[in-house]
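Read through the structure below, which is laid out as structure tokens, and then see the notes.
Values quoted throughout were computed directly from the atomic coordinates according to the rules given, and no laboratory measurement underlies them. Remember, predicted model here, so these are calculated numbers, not experimental data. Note: ideal-geometry Cβ built from the backbone for every residue, glycine included; neighbour counts use all protein chains shown.
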């Protein structure tokens, strides 16, 4: 399995179908997925992994498995996907961390690494993050990595906030 990024406590590697059970711990959890239409069943988790495998081929990036070096523990996903913010298709940092690993700085650590990768390796001039207005914890991660509010918009009938950081 291909390691993409390494940080002090984590490494990010490509997702593989064998990750379904571990990734389900976050994508099937009602609390973790409260800002989605519904938690994912196993088939949706498989489709999620396949979507990312396709993204690796198409864009050279996607969401990657987040592995805690201490004990080689799978703790979620984080990475860069192409997303629609109104009529723009933009690179967006997203993440899902298993609840038992919340509030330990892992999402921020992985997101900073993805931001650096987006600028230094992929040469994107700017990168975005967006969430529903209620998802304050994800907005805080975006702020911690230096993002500023970009715009409010609607997606799937819900108000969203988009944040951005420029490569300067």
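Neighbour counting of Cβ atoms within 10 Å sorts the residues 63, 68, 27, fewest neighbours leading, into 68, 27, 63.
Ordered by the count of other Cβ atoms within 10 Å of each Cβ, fewest first, 88, 14 give 88, 14.
Placing a label point 7 Å from the Cα of residue 3 along the Cα-to-Cβ direction, the residues of region 34-74 whose backbone N falls under 20 Å of that point are 61-74.
Fully extending the segment from residue 82 to residue 18 would add 20.6 nm, taking 0.36 nm per residue of separation and subtracting the current Cα-Cα distance.
Rounded to the nearest 500 deg cm²/dmol, what is the calculated helix-only ellipticity per residue at 222 nm for the chain, with -39500 (n - 2.57) per DSSP H run of length n ≥ 4?
Values: 4 runs with 50 residues, N = 168.
So the helix-based figure for the chain works out to -9500 deg cm²/dmol.
FRET efficiency for the residue 37 to residue 168 pair, using the beta carbon distance and R₀ = 41 Å, is estimated at 0.65. This ranking places 78, 114 by how few other beta-carbon atoms lie within 10 Å of each, fewest first, which gives 78, 114.
What does the extension gain come out to for residue 73 and residue 102, with contour length at 0.36 nm per residue minus their alpha carbon separation?
Numbers: separation 29, 0.36 × 29 = 10.44 nm, distance 1.39 nm.
Net length gain for the segment: 9.0 nm.
With a Förster radius of 22 Å applied to the C-beta separation of residue 29 and residue 144, the computed FRET efficiency comes to 0.45. With contacts taken as Cα pairs under 8 Å at a separation of at least 6 residues, the chain carries a relative contact order of 18 percent.
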